[in-house]
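The values are calculated or read from the model by the stated rules, or taken from the named source; none is laboratory data. Small disclaimer: the values here were computed from a predicted structure and weren't measured. Cβ placement follows ideal geometry from the backbone for every residue including glycine, while neighbour counts extend to all protein chains displayed.
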Amino acid sequence: MTISLNQVGKRYNYDWIFRNVSLSFSGNGHYAILGPNGSGKSTLLQVISGHHQQSEGKVLYQIDSKSLDQDRFFHHFSIAAPYLELIEEFSLQECFDFHTRFKSWLPGLSSQEIMQIVGLQKARHKQIRYFSSGMKQRAKLALAIFSDVPIVLLDEPCTNLDAAGIQLYRELIERYCKNRMVIVSSNDIQEYGFCETLIEIAQYK
Ligand SMILES: Nc1ncnc2c1ncn2[C@@H]1O[C@H](COP(=O)(O)OP(=O)(O)OP(=O)(O)O)[C@@H](O)[C@H]1O
């Protein structure tokens, strides 16, 4: 699968956040979008995912050289981001059950095994609203990383994680994301150290 950005720009009111972004993301590449706070990393990730519409330029999605409509792209990616909230009224089990109505888990894995891997098995019947911020982040990462999709988008993936959580994140990336495209928006090396392509958003001002 390939995502191509052609002269893409995004403006809020009169402020251009970035302009003239021409980039291609393909195959099993691991990409990091880097820059300081407020530089536009999350905005670019949201333009790539289709959550936000670009103000100029084109975003094209292709599978085997065939174009894919933007409104079909959501079948092909999963995302974990601070602005995408979990449904607080659900228990973790209900959250996973709901998620799997839209996306299946990676082959050979069950909800119970995934809860175990991310250390949330004891919280299975607890409502998400009573989760700590680190527990919520583990749940978000589980939903993104264990979904059976070719593209994983991660915005500040280690937010609220303790040292053990960060280690878990690294292990999950190493074990489950090697053969998939990953795009990480981050300013923390612990989050993007595995990426071979680094994109500085500041060069698109
Ligand atoms: N809906 C919006 N309306 C107006 N301005 C916005 C909106 N969303 C984001 N911005 C502005 O766009 C700029 C880029 O924000 P963005 O969240 O993409 O930055 P970031 O690099 O991800 O920052 P951080 O590292 O703090 O997460 C900021 O100046 C922000 O205020």
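Here are the numbers for the structure shown:
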| item | result |
| --- | --- |
| Top-ranked residue of region 23-40 - restricted to ones that are within 16 Å of the ligand (Cβ to nearest atom) and out of contact with any Leu (no Cβ under 7 Å at 6 or more places or on another chain), ranked as nearest to LEU153 (Cα to Cα) | TYR31 |
| Residue satisfying all of: in region 164-191; within 14 Å of PHE146 (Cβ to Cβ), part of a helix (DSSP H, G or I) and within 15 Å of the chain's Cα centre (by Cα); nearest to the ligand (Cβ to nearest atom) among these | TYR169 |
| Residue in region 1-15 that is of a type in the set (Lys, Arg), closer than 21 Å to LEU198 by Cα, within 13 Å of the ligand (Cβ to nearest atom) and out of contact with any His (no Cβ under 8 Å at 6 or more places or on another chain) present | no |
| Any chance SER39 is in contact with a strand residue (DSSP E or B) (Cβ under 6 Å, 6 or more places away or on another chain) and either small (Gly, Ala, Ser) or at pLDDT below 95 (or both) | no |
| Residue within region 2-18 that is touching a strand residue (DSSP E or B) at 6+ places or on another chain (Cβ under 7 Å), in a helix (DSSP H, G or I), touching a residue at least 12 places away in the same chain (Cβ under 8 Å) and of a type in the set (D, E, K, R) present | no |
| Residues that are away from the ligand (no atom under 16 Å from the Cβ) and either in a helix (DSSP H, G or I) or charged (D, E, K, R) (or both), drawn from region 192-205 | GLU196 |
